[in-house]
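> Take a look at this one; I'll ask things after.
Readers should treat all values here as calculations from the given coordinates under stated rules, not as data from a laboratory. Computed from a predicted structure; not experimentally measured. Quick reminder, even Gly has a Cβ in these numbers, built from the backbone with ideal geometry, and neighbours come from all protein chains shown.
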Amino acid sequence: MTVTPLSDAQITPFYLTSGAENVALIRGRIASVGQPATTILQRNAYPPAIAKMLAEALALTACLASTLKYDGIFTLQAKGDALVRTLFADMTSDGDLRGYAAFDADAQNSDDAVASVPSNVPQLMGSGHIAFTVDEGATGGRYQGIVDLKGATLSDAATAWFANSEQLDTLVLAASHQQGQQWQATAIMLQRIAAEGGENSSAANVELSDDAWHTAKTLMESTRFDELVDPHLSPERLIFRLFNSMEPHVAPAREVRDKCRCSPQRVENMLGQLDPADVQDLANAAGYVEIICEFCKTERQFHIDKIETAPAPR
Ligand SMILES: [Zn+2]
């Protein structure tokens with residue numbers, strides 16, 4: 001039985017065509033993750049501007065993770081030297097999304113206006129870098145791309161990463177907005193499908209592809225912030241609203257959920273790999289080490305006598 005995901009907890013793949021020939025020329029994705037972003041952000045007391053930036057990072061991560069070809073994990077990790085020191089989000093190919101932000105305590109008192117635009121990277125993160133990691137485990141290997149935090153938004157950084165690492169033209173756009181307790185967090189990605197080999201590479205088809213890319217890019221760049229974060233506009237309706245002239249074909253949506261991958265065993269393994277003297281320092285008077293997961297805020301206690309230490313490296 002297929003369960004239809006909630007419209008604000010899904011990734012919707014789509015294709016854009018040339019119309020006349022009905023050839024898929026551009027592949028796209030919309031990640032709409034307001035629902036998981038809401039519960040992830042509720043666990044932390046982030047200042048509004050930082051919550052907004054993390055919501056954008058979650059949407060971007062879900063969108064980029066949807067390009068994983070095999071089972072694996074996609075990670076976005078940014079390091080800055082301003083209010084936000086670390087911004088981290090990852091998602092598995094099954095749709096388990098999580099993230100957190102580490103920030104300077106001064107940020108608590110900052111009165112950043114949370115404008116209706118994507119987060120201001122220079123202001124919140126200063127200078128630094130952002131790393132995108134694709135880890136496809138046993139089947140696909142691991143690769144990482146790092147770009148400087150030069151652009152104005154996280155989407156600019158993601159677009160720059162694609163420009164550095166992929167042969168394919170790619171455009172990414174993300175936005176987030178809080179209304180009451182609910183977050184809307186959306187990212188759209190367009191990628192040109194290579195017209196390589198065979199009949200697709202004829203001059204006429206290349207021209208068709210050039211035209212389609214130019215049109216799609218213009219349509220995406222005309223997207224308004226309020227369209228991206230409109231809770232009443234489902235991803236499918238947004239696709240048709242934006243790209244109607246390119247005869248969009250929408251594929252079945254995939255669910256995204258707020259789910260951490262931590263477990264008592266994983267935390268214990270981590271403790272077991274530390275220097276026993278350091279673990280001793282972490283323990284309270286009764287001999288318990290208390291560990292709180294950065295992502296899901298689950299608290300766990302381990303007694304130092306029961307932590308199995310890893311065998312010494314040979
Ligand atoms: Zn956790």
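> Compare the Cα positions of Ala45, Gln182, Tyr15 along the charge dipole of segment 10-258 (+1 at Cβ of Lys, Arg; -1 at Cβ of Asp, Glu; about the Cα centre) and return the one farthest towards the positive end.
Of Ala45, Gln182, Tyr15, it is Ala45.
> Apply 1/(1 + (r/R0)^6) to the Cβ-Cβ distance of Asp278 and Tyr143, taking R0 = 51 Å, and write down the FRET efficiency to the nearest 0.05.
About 0.95, to the nearest 0.05.
> Specify the angular offset, from 0 to 90 degrees and rounded to the nearest 10, of the alpha carbon long axis of helix 154-165 from the longest principal axis of the alpha carbons in the chain.
Once rounded, one gets 70 degrees.
> Rounded to the nearest 10 degrees, what's the angle between the helix 203-221 long axis and the longest principal axis of the chain, both from Cα atoms, 0 to 90?
Helix 203-221 sits at roughly 60 degrees to that axis.
> How much length is gained on full extension from Val3 to Tyr70, taking 0.36 nm per residue of separation minus their Cα-Cα distance?
Gain on extension, Val3 to Tyr70, equals 21.9 nm.
> If the only charges are +1 at each Lys and Arg Cβ and -1 at each Asp and Glu Cβ, what is the size of the charge dipole of the chain around the Cα centre, to the nearest 20 debye?
I would put it at about 400 debye.
> As an exercise, use a Förster radius of 22 Å and the Cβ-Cβ distance of Glu299 and Asp104 to find the FRET efficiency, rounded to the nearest 0.05.
0.35
> I've got another one for you. State, to one decimal in nm, how far the label point of Tyr288 lies from the label point of Arg43, with both points 7 Å from Cα in the Cβ direction.
2.0 nm
> Working from Cα positions, state the angle (0 to 90°, nearest 10) between the long axis of helix 48-65 and the longest principal axis of the chain.
The angle comes out near 60 degrees.
> Separate question: Would you list which lysines come within 16 Å of Lys297, measuring only between C-alpha atoms, while excluding same-chain residues fewer than 8 positions from it?
Leaving aside lysines fewer than 8 places away in the same chain, those within reach of Lys297 are Lys259.
> In whole Hz and in residue order, list the ³J(HN,Hα) couplings for segment 88-98 that follow from phi through the Karplus curve 6.51 cos²θ - 1.76 cosθ + 1.60, θ = phi - 60°; x for Gly and Pro.
Once θ is set to phi - 60°, the couplings for segment 88-98 become 9, 8, 9, 9, 8, 5, 7, x, 7, 10, 7 Hz.
> How large, in Å, is segment 264-306 by the Kirkwood hydrodynamic radius built from its alpha-carbon pairs?
One over the average 1/r among Cα pairs gives 10.6 Å for segment 264-306.
> Follow-up. Once you order the gyration tensor axes a ≥ b ≥ c over the Cα atoms, which shape class does segment 113-247 get: rounded for a/c under 1.5, otherwise prolate or oblate by comparing a/b with b/c?
Oblate shape, in that a/c is at least 1.5 and b/c is the bigger or equal ratio.
> Can you compute the modelled spin-label distance between Lys150 and Gln123, with each label point 7 Å from Cα toward Cβ, in nm?
Going from the Lys150 label point to the Gln123 one covers 2.3 nm.
> Shifting gears a bit: Compute the semi-axes of the equivalent ellipsoid of the chain, taking the square root of 5 times each eigenvalue of the Cα gyration tensor, and list them largest first in whole Å.
For the chain, the semi-axes come out at 38, 22, 18 Å.
> Follow-up. Taking a ≥ b ≥ c as the square roots of the eigenvalues of the Cα gyration tensor of segment 202-254, is the shape rounded (a/c under 1.5), prolate (a/b larger than b/c) or oblate?
oblate
> Next question, about the same structure. Obtain the nm distance between the two label points defined at His232 and Val250 by a simple spin-label model: each point lies 7 Å from its Cα along the Cα-to-C-beta direction.
Those two pseudo-labels are separated by 1.7 nm.
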